[in-house]
Amino acid sequence: MFASKRSAFFASATALALLAAPLGQAQAATKVVITQAFQSVLYLPFYIAMDKGFFAKQGLEVDKETAGTPPAALSAVISGSADFSIHGPEWTAIAASKGAKVDIIAAIVGGAAVWIAATPDFDFKDVQSFKGQKIVTGMMPTTSTSLFLNLLKQKGMDGKTEVDQIPVPIGTEPGPFLAGQAKVAVMYEPGLDQVVAKGMKVVFGFPKAFGPYAFSSLTARADADPVKAQGVVNGLQEALTFIQANPAEAIKIAQQEFPKLEPSVVEAAVKRMIAEKVYPATVETTPDALITAMNTQIGLGNLKAQPVYADFVVQTYAKKAIGK
């Protein structure tokens, strides 16, 4: 009887050992490098996917790198030093127009996340109110200034001669604005809510003016590893769903990512971007959202024509991630 039990024990142990080896191999994480243009509250879906383990659930170990500029982030992908990059899709479109084999595979920011703030005493009636004003803007190249200049152009104004731009490094716009160097500033979050907390007012919002807008995307080489690509896109989709379902926890993660900012400012910024649909519901890049975004670049002369959607946007991964 004892021998029989002992044999059964060793048989069970052997079976478990045989199962454990392949199971351990299956759980080995695949390393992925994602380079972002800069650390930004705009990229909150990316940070949530890392913090909540959504990438890990896909069997990925993601290494986040920060390039400093969109072109530098994209260059890392083109050179092969990164698997994917996060930045405005216009940079991918420009590179593709010059022969680079790169594609957009997922949407991360789906609204034109730029606002125009002004001092409390600024009399804003319409865009013409900016004529002759000193205006703090981000140094080009940046989407915020591109949007602003294109807005002026649409209203028949020349951004080089009819407004006095004060260009500053991206993210530093609140400083000169609050110091009184200008009565108007073109801003991203959380800079916008930093100045709102100091009494400034929002006079124009691009998210509401434009609607769906391919503002920030995930770029990959045309020969990207499909398993990595699908895993990353799946993780981002889960993060976008999480933001909509759990805004309070999304805010906490944002506050952890930006510990030097006032928690109330981060909270206000995330709430604003959720309310104005800057964070999209899905990772899908729609034709209309891309056309609207690329029209800005065409208007500024950065692109000659609209990129062919089917040749530029790969929807395979996004559709699988959202169950289409």
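The values are calculated or read from the model by the stated rules, or taken from the named source; none is laboratory data. Computed from a predicted structure; not experimentally measured. Quick reminder, even Gly has a Cβ in these numbers, built from the backbone with ideal geometry, and neighbours come from all protein chains shown.
Key figures for this structure:
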| quantity | calculated |
| --- | --- |
| Members of region 269-282 that are of a type outside the set (G, A, S) and in contact with a Ser or Thr (Cβ under 9 Å, 6 or more places away or on another chain) | T282 |
| Residues located in region 145-176, provided they are crowded, with 18+ Cβ neighbours inside 10 Å, at pLDDT below 90, in contact with a Phe, Trp or Tyr (Cβ under 9 Å, 6 or more places away or on another chain) and under 19 Å from L192 (Cα atoms) | I170 |
| Residue ID - farthest from L178 (Cα to Cα), chosen from residues in region 190-247 that are buried (at least 22 other Cβ atoms within 10 Å of the Cβ) and polar (S, T, N, Q) | N234 |
| Residue count for region 14-29, restricted to those that are in contact with an Asp or Glu (Cβ under 7 Å, 6 or more places away or on another chain) and either farther than 22 Å from A76 by Cβ or at pLDDT 90 or above (or both) | 0 |
| Boolean, Q194 is closer than 23 Å to Y279 by Cα, in contact with an Asp or Glu (Cβ under 9 Å, 6 or more places away or on another chain) and not hydrophobic (A, V, I, L, M, F, W, C) | yes |
| Selection count where residues are of a type in the set (A, V, I, L, M) and part of a strand (DSSP E or B), scope region 25-50 | 3 |
| Of all residues making up region 141-158, the number that are in a loop (DSSP other than H, G, I, E, B) and within 14 Å of T296 (Cα to Cα) | 3 |
